[in-house]
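Undergrad: Before we start, here is the structure in question, set down as structure tokens.
Derivation of every value follows stated rules applied to the coordinates shown; laboratory data play no part. The shown structure was predicted, so the numbers you read here are calculated from the model rather than taken from an experiment. Virtual Cβ from ideal backbone geometry, glycine too; neighbours counted across all protein chains shown.
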């Protein structure tokens with residue numbers, strides 16, 4: 001869901017993102033991950049924008065990823081193989097606040113090889129900078145602010161000023177999805193008019209994924225239903241592999257976000273003891 005939301009913004013407002021990330025409004029077009037060849041590639045999380053001189057590689061993350069440094073090196077090599085004359089800016093953008101040291105990693109290093117990339121932690125970016133361009137509005141509530149609700153109200157007011165009903169609807173939906181990372185969804189529903197949100201392509205995509213049948217009623221019921229099912233499945237898999245889980249561990253899993261639950265679903269394949277699970281939950 002968050003991948004599609006950020007991809008929509010990159011695809012439809014590339015100059016706004018370029019102005020923020022590069023410091024100048026340059027025309028960028030979308031580059032398909034398939035053009036980098038060599039499988040497998042995590043196309044679901046990869047955003048590539050390019051012009052004749054530059055490739056802008058963006059990764060939007062809601063949770064830390066230990067494999068991110070290597071992935072950045074991997075994608076850089078793939079891009080060089082296909083476009084050896086183009087410069088490349090690689091930026092990992094973390095959406096949600098975390099204490100993990102992983103969000104400060106900007107280097108992949110092994111013997112005789114060192115690769116650097118950039119990292120932006122949205123909660124350290126002044127919220128005001130995202131109120132300057134429509135394509136950045138949805139990020140505003142995740143920026144540096146003590147009052148994300150007030151920021152979202154400013155976003156809603158700016159969206160209301162947009163003349164195109166379609167752009168209005170799509171930006172309202174993307175703003176609603178991202179604001180849900182820091183605000184109660186009932187508050188999001190009150191601030192961003194649901195009749196606008198339900199007309200957006202983002203809303204339709206979420207419905208298609210089965211993640212938010214209740215988006216028109218507040219973005220809450222459908223997401224929570226899907227998340228509960230994901231958590232229950234992971235708990236069953238862990239119980240089968242590691243034995244009965246303590247109530248405390250089940251409570252911890254029950255509080256995980258959907259991104260962390262999905263990550264746990266992949267990580268548990270390598271677990272051999274409860275210590276592996278505890279290490280993941282503490283990470």
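Undergrad: Let a ≥ b ≥ c be the square roots of the eigenvalues of the Cα gyration tensor of region 82-147; is it rounded (a/c under 1.5), or, if not, prolate (a/b larger than b/c) or oblate?
TA: In terms of gyration-tensor shape, oblate.
Undergrad: State the antiparallel share, in %, of DSSP beta bridges confined to region 37-178, rounding to the nearest 5.
TA: Percentage antiparallel, nearest 5: 40.
Undergrad: Taking 0.36 nm per residue of separation and subtracting the Cα-Cα distance, what length does fully extending residue 22 through residue 53 add?
TA: Result for the pair: 9.8 nm of gain on full extension.
Undergrad: Let me ask another. Looking only at Cα atoms, what is the convex hull volume of region 222-283 per residue, in Å³?
TA: 72
Undergrad: Note down the nm distance, to one decimal, between modelled labels 7 Å out along Cα→Cβ at residue 233 and at residue 113.
TA: 3.3
Undergrad: Then there is this: Over region 1-157, what is the relative contact order in percent, taking alpha-carbon pairs closer than 8 angstrom and at least six residues apart?
TA: Averaging sequence separation for qualifying contacts and normalising by length gives 18 percent for region 1-157.
Undergrad: Further question on the same structure: Over the alpha-carbon set of region 2-123, work out the extent along each principal axis and list the three values in angstrom, largest first.
TA: Computed over the Cα atoms, the extents are 35, 34, 26 Å.
Undergrad: What distance in nm lies between label points placed 7 Å from Cα along the C-beta direction at residue 266 and residue 147?
TA: Distance between label points: 3.9 nm.
Undergrad: Full extension from residue 81 to residue 11: what is 0.36 nm times the residue separation minus their Cα-Cα distance, to one decimal in nm?
TA: Working it through step by step, the gained length comes to 22.8 nm.
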